[in-house]
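The values are calculated or read from the model by the stated rules, or taken from the named source; none is laboratory data. These numbers come from a predicted model, not from an experiment. Note that each Cβ is placed from the backbone with ideal geometry, even for glycine, and that neighbours are counted across all protein chains shown. For accessibility, only protein heavy atoms count, side chains too; no ligands or nucleic acids. Shrake-Rupley method; radii C 1.70, N 1.55, O 1.52, S 1.80 Å.
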Amino acid sequence: MLAIKEIQFVDLSRQYHAIKDEIDNALQECLENAEFIGGSKVKQFEKEWAEFLGVKNCIACANGTDSIEILLESYGIGNGDEVIIPAHTWMSTGEAVVRQGAVPVFVDSHPDYFTIDVTKIEEKITNKTKAIIPVHLYGLPADLDPIMALAKKYNLIVIEDCAQAHNAFYKGKITGSIGHSSSFSFYPGKNLGAFGDAGCMVTNDDEIADRARMIANHGQTFTNGVIKKHSHTMSGRNSRLDTIQAAVLSVKLRHLREWTIMRQKNAKLYSELFENTGIKTPAIPEGSTHVFHLYVIQVENRDQLVKDLSKRGINTAIHYPGILPQMKAFENSGSHLLQFPVSQVYQHKILSIPMFAELTEDEIKYIAQSVIELTR
Ligand SMILES: *Cc1c(COP(=O)(O)O)cnc(C)c1O
C-alpha cells in the first residue's frame, strides 16, 4: 500500500498553486483599480461565459441559488404555480421554487443516471404547471430532448440547473444553451469556481435577460447593460457579482476545458479499477459527456465504508443523504407521503469519493484499492 497520509475530498489549494501567478495578477489589478462590485471585469466575464456557451445573454449574480429564483421571477412564476423538479437534488432547486411562492412537484430519478426520470414527468403536469427545472446532477446532463418536447407540448418553461455541469455536452450541445434559460453556480468547489459565492443566469431571450438583470439590481432599468441609477421601476433585490470573483472566474475559465479533461481521465481510471469488483460506477448514456463534478459510486455497506475510508485518510461525502420531498422544509408541498422508489433506494448506497482535476494517479489507485478491500 502506498504511503498516503490524507486525501481531501476536494483540494482547491492545488488548483490555486497551478495558476498562482495568473490569479495573483488578476486580484492585484482589482485592488489597484479599487473595483469591488460590478465594473469592467464583471462585464468581461459575462461576455466570455456567454461566448463559451454560445448564448446571447449572461447576467452575473451573487450565487447559484439566487439565479434560479431570479429566473423564476423573471418568467412571472410564483403564487400557486407548479414547478417540476427532481426529488434527488441539492436544496437550492426546491428552495428557489418555494421562495417564489410556487409549489415544487417532485419527480423520481432515472434508475441508471441519477438525473430526473423523463418518463415520469408527464403524469405530474397539471394546468398549474409552469416550468420544469432539470438538474444535470453530478455533472451528467439530464435527458433534455424529451423534456424540451414536453415543454413545447404543454407550453412550459425549461430552466436548466447547471450548477454541477460546466462544459458538459448533451447530443453535441453544451449544457446551459438548450433550455429557455439556465442557472449556474460558481461556488468554490464547482467545476468552475470563484473564491466565494458567485453565480449567473444565461438565456437567448433578451426580455428575460433584461428582467433578470433588473431584479438582481434593485429593480433599476438598464440601457445597453448599464444601470440607470435611481430608476427603480420595481422592487428587486441585491444579487450582484463581486469584481474579484469575476476576475478569478475569467482566469479559471481559460483552464476549464483542460480541467474537464483531467476530471474525465480521473473518472475513467476509477471506473477501470472498479471493473468486476461489484462496486457500481457512474453510467454515461450515449450522446452525453459527463464532467464529473462528483464521482458517485454505489455500495451496500456505505456508512461503514465511510468510517473505514476515513481511517485510511480518505475523505468522502454523500450527495445527498436525503431526498427533498421528505425534508421538513417541504412538508407543506403535498409530497411528503409520495413514493420515490428509485432515489429512495440509492440514497442509502451512494458515496462521493474524492474527485478533482489535480488528483494524482497514485491517489486514485490508493482510493480505489481501499474501497475494493473495504467492501469485500
Ligand atoms: C451548488 C448548487 C446550486 C446553488 O448554488 P449556490 O451558488 O451554492 O447557491 C444549485 N443547484 C445545484 C444542483 C447545486 O449543486
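Which of Met148, Ala50, Leu337 sits closest to the plus end of the dipole of the chain, meaning its Cα is farthest towards the positive end, when Lys and Arg get +1 and Asp and Glu get -1 on the C-beta? Farthest towards the positive end: Leu337.
For the chain, the carbon plus sulfur part of the accessible surface works out to 50%, probe radius 1.4 Å. If you wrap region 232-376 in the convex hull of its Cα atoms and look at it from every side, the mean projected area works out to 13.9 nm².
Residues of region 314-333 falling in the label zone of Arg237, defined by backbone nitrogen less than 19 Å from a point 7 Å along Cα to beta-carbon, are 329-330. Students often get this wrong, so check it: of Lys41/Lys153; Lys47/Lys268; Lys43/Lys365; Lys41/Lys190, which have C-alpha atoms separated by over 31 Å? Over 31 Å Cα-Cα: Lys41/Lys153; Lys47/Lys268; Lys43/Lys365. Annotation: amide H of Tyr295 within the under-5 Å range of Ile353, sequence separation 5 or more or interchain, hydrogens built in the peptide plane. Taking the Cα centre of the chain as reference, the dipole from Cβ charges on Lys and Arg (+1) and Asp and Glu (-1) amounts to some 200 debye.
Just to verify a number: FRET efficiency for Ala34 and Arg254, C-beta to C-beta distance, R0 = 25 Å, to 0.05? E(calc), rounded to 0.05, equals 0.50. Computed from the C-beta positions of Lys228 and His336 and an R0 of 51 Å, the FRET efficiency is 0.65 to the nearest 0.05.
The residues of region 196-304 expose, per residue, 49 Å² of accessible area to a 1.4 Å probe.
Sparsely packed loop sites in region 245-307 (the GluC sites (Glu not before Pro) outside DSSP H, G, I, E and B with at most 16 other Cβ atoms within 10 Å) comprise Glu275, Glu286, Glu300.
Take the chain, mark every one of the chymotrypsin sites (Phe, Trp or Tyr not before Pro) that falls in a DSSP loop and has at most 16 other Cβ within 10 Å, then report the longest stretch left between them, sites excluded.
Working: sites that count: Phe9, Phe36.
The longest such stretch corresponds to 37-376.
Note: relative contact order over the chain, using C-alpha pairs below 8 Å and six or more positions apart, is 22 percent. Taking amide H atoms as placed 1.01 Å from N in the peptide plane, the amide H of Ile37 lies under 5 Å from those of Thr243, each 5 or more residues away in sequence or on another chain. When you filter the trypsin sites (Lys or Arg not before Pro) in region 1-63 for DSSP loop state and at most 11 other Cβ atoms inside 10 Å of their Cβ, you are left with Lys5.
Whole-Hz Karplus values for region 264-270 come out as 5, 5, 4, 5, 5, 5, 3 Hz, taken residue by residue from phi with 6.51 cos²θ - 1.76 cosθ + 1.60 and θ = phi - 60°; glycine and proline positions read x. Partner aspartates and glutamates whose Cα lies under 17 Å from the Cα of Lys307, excluding those fewer than 8 positions away in the same chain, are identified as Glu6, Glu373.
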